[in-house]
Each structure stands twice: as C-alpha cells, then as structure tokens.
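So the structure is just underneath, and the comments pick up after that.
The values are calculated or read from the model by the stated rules, or taken from the named source; none is laboratory data. Since this is a predicted model, take the numbers as computed values, not measurements. Because the Cβ atoms are built from the backbone with ideal geometry, glycine has one as well, and the counts that use them run over all protein chains shown. Note: accessible area is taken over every heavy atom of the protein model, side chains too, but ligands, DNA and RNA are not part of it. Shrake-Rupley method; radii C 1.70, N 1.55, O 1.52, S 1.80 Å.
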Amino acid sequence: MNKQQFPTNEQGAPASLAGRRVWVTGHRGMLGAAMVRRLENTGATLLVAPRAELDLTRQADVYAWVRDHRPEFVFHIGAKVGGIHANATLPGDFLRDNILIQTNVMDAAYQAGVEKLVFVASNCTYPAKADLPIKESSLLTGALDGNIRSYAVSKIAGIEMCRAYNAQFGANYVAVIPPNLYGPGDNYHPEHSHVVAGILRRVHEAKEAGAETFSVWGDGSPRRELLHVDDLADAMFHLMTRPTDWIYNVGCGYDLAISEIASLAAEVVGFTGSVVYDASKPNGTMKKLLDSSKINQLGWAARKNPRDGLHEAYADFVSQLTESSRARLG
Ligand code: GDP
C-alpha cells in the first residue's frame, strides 16, 4: 500500500458521505448515538456492530468484521468511559480496554484501506497544569492529573496513533479532543457518571424526596467546559468532510464553575432547596478550558447553550427512569 492510496490530511476529504460506507463504533453510547443521528439524511450507508455481534477488544474478530463490512470512513467512538470516580477506581479496566479497542479499530481500518477516520479522545489527555485556554500544542508537555491518569494515557496512545499512522503510512486519521460531554443518552449511574449526569440525578432525587438540600462533589470551585453531545457529533462530521490537520480541540469556548452547573441543574429540575458540598469527593483539575480556535477557523462553532442543553438532558433522564420503572413492573 503506498501513499497514493492513502491521501494525506490536506487532500482527499469527501465533501459528502452520501453513498459511502460509514462505520460508527460505540453506536449505543451517548456520543455514538448522537453520531448516528447526525448521519441521518446524509445518504451515508451506516455500518454498526452491536456488542453481542462484535467485541472490539478481540483483535481477530475486529479484523474479520472490517474485512466483511468494508467501511470507507470510520467514526471511532467506542471506548470505556466514566467520570472522575470510575477513573479512580477502575484504572486497569480503562487502560486495557481502550488500548485494545483503539488499536484494533485503527489498525484494522488501515489494513482495509479506510479513507478517513475520526477518533475521539478527551481533554484529560492534557497536562494538569497546561496553560489556559489549552491549545493542541500542550499535549505531552507536562504531568497528568493523577485521578484520571490511566484513561488519559490510553487516549494519548490513540492520539499518537493518529499522528504516527499519518506520518508513516499516509493514513488520514484525525483526533478530536472534547471537554465534558452531556446530553441525551448519558449514563446516570450514581457514582460512575460524569458531572452533569451525576448532578442532575441527585437534584432530581432530592426533589422527589422533598429534601432541603442536594449534594455536589468537591467544593464547587473547579470549572468545566460543557459540550452538548450533538454539537460534538456535528463537529466530527464537519472534520470528516473537509481537509483537516490531525488534531483538533472541540469545545464551546467557555467554562462554568461546578457551583454554577449545580444552580443551573436545580433551576432546570425545579428544585428550590440548597446545595451542600461533599468534600470527601475529589475536585480533580481546577480548570480545563480548551482553545478551540483551530476548529473555529475551519468554520465550525458549538450551537447549544447550557440551559437548553440541560433541559434536554433532564428530559432524557426522566424518560430513562420511566422506561426502567416500566421494565421493572413488567
Ligand atoms: P472530569 O472533568 O474529568 O474531572 O470529569 P467529571 O465529569 O467527572 O467532573 C468532575 C468534576 O465535577 C469534579 O470537580 C467533581 O468534584 C465535580 N462534581 C460535582 N458533582 C459531581 C458528580 O455528581 N459527579 C461527577 N462525576 N463529578 C461531580
């Protein structure tokens, strides 16, 4: 396989995915489902593999599936993900599963001559003390936050794989670095969820119980940049269908204090009590705002505002609750 067959990033992006075979990994997760929604009405031929059909950690199965289904474009989203607590308690799972999955998918895609692949990493790949707002050039310039080190190292390996496959094999792989995601299809697990889902759940439970307070982890002062999952899916589509460089931050451009996220969540849920801060839980990194000017210069910007976005996320949480109680009642 020579470079001719694998256009470099500056060439060879299709203006449209109509009629093309597009594989979305992790299509049942929050971002994968948003990607599938974004691809509706684009004319793309969508390829997905339910977990019962394909375990992405199994190398031989992934190569065989790719050989049989012949994707031309890949949105590689499938990964083991979780919030700050899950990362602190399951570091071996995060490191092993993500390295296996992304190595299998990215190499199988290369072997099969995939035209372009967009890989989702995470803002925790940046050093804990990176200059703010964080530019793509801060990658690998300092120590990571210890709470999320294993997950971050696994995603850094994936980012580096994009760079290395482009450089050595003329692949056309792009790494995307989002901030904290939220939106429909989130995981509302009491401990393993991310900040928006965790807070929405607790404020909802406090309201249902008629409590006067709800608890928020840490001291409320860390700041997080929130991105609605539909905005990220749109950005990934944007990058897939244009000539690109190999790495992009994809954020909304501003951050909120955890205390502000908590107030907004209380407003959205309609809870009038107050917040108590749970100091037994970690604050994590204090600030992580991304510099997204590189993708902005490609003509993309986030559209959802957090108030509307949280309303959507809360409606989704309530519908997940209704479905699970219906399932329990048979
Ligand atoms: P991070 O951005 O990688 O640290 O991931 P998270 O989405 O888990 O956000 C963690 C930040 O939100 C920390 O500052 C936590 O102290 C704070 N936080 C407050 N309440 C919660 C909660 O219920 N769940 C989670 N995951 N974080 C919370």
| query | For segment 278-303, how many residues meet the condition of being open to solvent by 70 Å² or more (accessible area, probe 1.4 Å) and either out of contact with any Pro (no Cβ under 6 Å at 6 or more places or on another chain) or farther than 26 Å from Cys124 by Cα (or both)? | reply | 6
| request: Could you tell me whether any residue of segment 95-109 is in a strand (DSSP E or B), open to solvent by less than 10 Å² (accessible area, probe 1.4 Å) and on the phi < 0 side of the Ramachandran plot? | output: no
| message | Cβ contacts < 7 Å: first residue open to solvent by 40 Å² or more (accessible area, probe 1.4 Å), restricted to segment 50-64; second residue among the small types (Gly, Ala, Ser) and outside any loop (DSSP other than H, G, I, E, B), any location; separation 6+ or different chain. Result? | response | Tyr63/Ala108
| field | Condition met for His69 (open to solvent by 10 Å² or more (accessible area, probe 1.4 Å) and either more than 16 Å from the ligand (Cβ to nearest atom) or hydroxyl-bearing (Ser, Thr, Tyr) (or both)) | value | yes
| task | Report the residue count in segment 170-212 for those that are closer than 28 Å to Leu298 by Cα and in contact with a strand residue (DSSP E or B) (Cβ under 7 Å, 6 or more places away or on another chain). | result | 12
| Among the listed residues Ser137, Ser150, which satisfies the condition of being on the phi < 0 side of the Ramachandran plot, among the polar types (S, T, N, Q) and either in contact with a Phe, Trp or Tyr (Cβ under 6 Å, 6 or more places away or on another chain) or crowded, with 22+ Cβ neighbours inside 10 Å (or both)? | Ser150
| query | Of the residues Gly220, Gly251, which single one is touching an Asp or Glu at 6+ places or on another chain (Cβ under 9 Å), farther than 23 Å from Glu205 by Cβ and within 16 Å of the ligand (Cβ to nearest atom)? | reply | Gly251
| Which condition does Asp245 not pass, out of (1) more than 20 Å from Gly198 (Cβ to Cβ); (2) surrounded by 18 or more Cβ atoms within 10 Å (Cβ to Cβ); (3) not small (Gly, Ala, Ser), if it passes all the others? | (2)
| task | Considering each of Ala197, Ala257 in turn, give the residue that is open to solvent by less than 40 Å² (accessible area, probe 1.4 Å) and without any contact (Cβ under 8 Å) to a residue 40 or more places away in the chain. | result | Ala257
| note | When segment 73-90 is checked residue by residue, the ones that are open to solvent by 50 Å² or more (accessible area, probe 1.4 Å) and either farther than 25 Å from Asn180 by Cβ or not in a loop (DSSP other than H, G, I, E, B) (or both) are His85, Ala88, Thr89
| query | Would you pick out the residues in segment 133-158 that are within 13 Å of the ligand (Cβ to nearest atom) and in a helix (DSSP H, G or I)? | reply | Gly146, Asn147, Ile148, Arg149, Ser150, Tyr151, Ala152, Lys155
| request: Take segment 165-204 and flag every residue that is away from the ligand (no atom under 11 Å from the Cβ) and part of a helix (DSSP H, G or I). | output: Tyr165, Asn166, Ala167, Gln168, Phe169, His204
| query | among the hydrophobic types (A, V, I, L, M, F, W, C) and open to solvent by 20 Å² or more (accessible area, probe 1.4 Å) - does that describe any residue in segment 170-179? | reply | no
| Is there any pair linking a residue in segment 212-232 that is within 13 Å of Glu260 (Cβ to Cβ) to one that is in a loop (DSSP other than H, G, I, E, B) and among the acidic types (Asp, Glu), with Cβ under 9 Å and at least six apart or on different chains, and which? | Arg223/Asp255; Arg224/Asp255; Glu225/Asp255; Leu226/Asp255
| query | Could we say that Leu47 is in contact with a strand residue (DSSP E or B) (Cβ under 7 Å, 6 or more places away or on another chain) and open to solvent by less than 60 Å² (accessible area, probe 1.4 Å) here? | reply | yes
